[in-house]
1. Which order do the peptides 20-26, 51-57 come out in when sorted by mean C-beta neighbours inside 10 angstrom, highest first?
2. Would you mind telling me the antiparallel percentage of the DSSP bridges in the chain, rounded to 5?
3. Could you tell me what percent of the accessible area of the chain is made up of carbon and sulfur, with a 1.4 Å probe and every protein chain present?
4. Give me the angle, in degrees from 0 to 90, between the Cα long axis of helix 26-37 and the longest principal axis of the Cα atoms of the chain, rounded to the nearest 10.
5. Classify the stretch 23-64 as rounded, prolate or oblate, taking a ≥ b ≥ c as the square roots of the eigenvalues of its Cα gyration tensor: rounded when a/c is under 1.5, otherwise prolate if a/b is larger than b/c and oblate if not.
6. Which one, 71, 41, 59, has the greatest fluctuation when you compute a Gaussian network model over the chain with C-alpha springs under 10 angstrom?
7. By how many nm would the segment from residue 45 to residue 7 lengthen if fully extended, with 0.36 nm per residue of separation less the alpha-carbon distance?
8. Taking residue 57 as the anchor, which aspartates and glutamates have their alpha carbon closer than 17 Å to its alpha carbon, excluding any fewer than eight residues away along the same chain?
Amino acid sequence: MIEGEFFITPHAVEQFRSRLAPWMSYEQALGTIIRELKTIDEIRQTENKKAFYARTKGDWRFRAIISEGYDQPAVVTILRGK
């Protein structure tokens, strides 16, 4: 199972900005994502079993899609929370 710190892809940062906070700079969005990922308490496998997702529970609620295909787990995109 995936645990620990994540690499956050530039695509994930841009998706966060476009979907949740278009007024933020890239650096602000990256910092927000890093802080929010610390609020995750459960990571689940996606239905197709090709990745994982986690829901944040902080001030910004979003779903992070996480892949293991890198040197460390990587957040590959950000989706709006439900």
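1. Values: 20-26: 12.1, 51-57: 18.3.
Taking the mean over residues of other Cβ atoms within 10 Å, the ranking is 51-57, 20-26.
2. Working: 13 of 15 bridges.
The antiparallel fraction comes to roughly 85 percent.
3. Working: 2530 of 5310 Å².
The C+S portion of the solvent-accessible surface of the chain is 48 percent.
4. Value to nearest ten degrees: 40.
5. In terms of gyration-tensor shape, prolate.
6. Checking each option, the largest mean-square fluctuation is seen for 71.
7. Values: separation 38, 0.36 × 38 = 13.68 nm, distance 1.79 nm.
Once the chain is fully extended between residue 45 and residue 7, it gains 11.9 nm.
8. The qualifying aspartates and glutamates are 3, 5, 36, 41, 42.
The values are calculated or read from the model by the stated rules, or taken from the named source; none is laboratory data. Just so you know, these numbers come straight off a predicted model, no measurement behind them. Because the Cβ atoms are built from the backbone with ideal geometry, glycine has one as well, and the counts that use them run over all protein chains shown. Side chains included, ligands, DNA and RNA excluded: accessible areas come from the protein's heavy atoms. Shrake-Rupley method; radii C 1.70, N 1.55, O 1.52, S 1.80 Å.
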